[in-house]
């Protein structure tokens, strides 16, 4: 495995306290990673004289300034802001409805695209659409799906889309089964593995090139690339990408622990350490206990106000987590510990895994290694398929 380079980027947190404090300052030979939004020479000329719409949220920072504020300060005519899941300010819980609003700082209207489509009415507001979102590289992380929907509508109405690329903190590996499109849903919209290892800009290029947009349409697409980034740069996010991924430990564990969303197990929503623990009131062999509560970022979480027994994964070194990749041992352990058979799972499990066989193999008593061996060919096939769309060295 290649040596991982630790990068320090210091930017404002927009209220997501403590996240950047976990980021280490290191001297790196390649220099500081520069996201696409900072490379204004790559996209400012395209925006000149145009009405500009921006799909972004709290992660769209350029240094200490938000992209929206920078564009307005630079004299561009920003006519609309579109937001993904969790809203423009990034403080809404998972799946929570976010109403349209007006940005208090600029007076620009904000339209929520989570669960909504970009309408003809929206397209009349702009000439070019800019996308600036910090993704985390997972098929069930919904930001890329919102981007795809925007690309589809812009293709139909001949609007240019500019993706301001950002590094993928899980960009150094590919893992998991490719989505069986019969399980396509709001948490899976393209035939890609659970961990696709691509930046959001690379994924936009692939969706366009492979005909994955609805109806096989292709949009006019420009990607402003990152500087000083490769797929083996260990990029530590300077801003929490969503309310329940508060630190890098959660970001690295997310590919494995998110599968609990399709079970009766709590993964720590409603605590100070979501996506870093798991448990259930009836688990007998857990070494850790916690009690979820209803909080703004997790309203009425599973087993709210009930003592859960389970496991605390916060002690596992980061490198061990992201070197191992998807770990099914946690789900298998909880399944066997609870010992309730099929009642352990919900129908959402297949939407997350994207295939039918993982649940079946867990119920048959298979090991994590045996299950992962089944999707080995998926990973190899996808790594070959994605090569023409990679913008950065592997």
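Brief remarks on what is shown
- Among the residues of region 111-161, those identified as in a loop (DSSP other than H, G, I, E, B), under 25 Å from residue 44 (Cβ atoms) and more than 11 Å from the chain's Cα centre (by Cα) are 113, 118, 124, 125, 126, 127, 157, 158, 159.
- Criterion applied to 376, 351 was being touching a residue at least 60 places away in the same chain (Cβ under 8 Å) and either touching a helix residue (DSSP H, G or I) at 6+ places or on another chain (Cβ under 8 Å) or surrounded by fewer than 17 Cβ atoms within 10 Å (Cβ to Cβ) (or both), and the one residue passing it is 351.
- Count of residues meeting criterion [at negative phi and touching a helix residue (DSSP H, G or I) at 6+ places or on another chain (Cβ under 8 Å)] in region 317-348: 19
- Test: residue in region 355-371 that is in a strand (DSSP E or B) and either farther than 17 Å from residue 182 by Cβ or touching a residue at least 12 places away in the same chain (Cβ under 8 Å) (or both): no
- Evaluation of residue 299 against (1) within 22 Å of the chain's Cα centre (by Cα); (2) more than 18 Å from residue 254 (Cα to Cα); (3) surrounded by 13 or more Cβ atoms within 10 Å (Cβ to Cβ); (4) modelled with pLDDT of 95 or more (one fails), failing number: (4)
- Residue within region 87-95 that is modelled with pLDDT of 95 or more and closer than 21 Å to residue 136 by Cβ present: no
- Candidates 211, 197, 171, filtered to the one that is without any contact (Cβ under 8 Å) to a residue 40 or more places away in the chain, under 29 Å from residue 357 (Cβ atoms), outside the structural domain of residue 325 (by TED's automatic domain parsing) and not in a helix (DSSP H, G or I): 211
- For region 260-273, the set of residues classified as within 25 Å of residue 323 (Cα to Cα), in contact (Cβ under 8 Å) with a residue 60 or more places away in the chain and surrounded by fewer than 23 Cβ atoms within 10 Å (Cβ to Cβ) consists of 261, 262, listed by residue number.
- Qualifying residue in region 328-335 (condition: farther than 18 Å from residue 140 by Cβ and exposed (fewer than 12 other Cβ atoms within 10 Å of the Cβ)): no
- In this structure, residue 346 does not qualify as crowded, with 22+ Cβ neighbours inside 10 Å and closer than 20 Å to residue 180 by Cα.
- Here 135, 127, 100 are screened, and the one residue that is under 29 Å from residue 49 (Cβ atoms) and modelled with pLDDT of 95 or more is 127.
The values are calculated or read from the model by the stated rules, or taken from the named source; none is laboratory data. All values derive from a computational prediction rather than experimental measurement. Cβ: placed from backbone, ideal geometry, glycine included. Neighbour counts: every protein chain shown.
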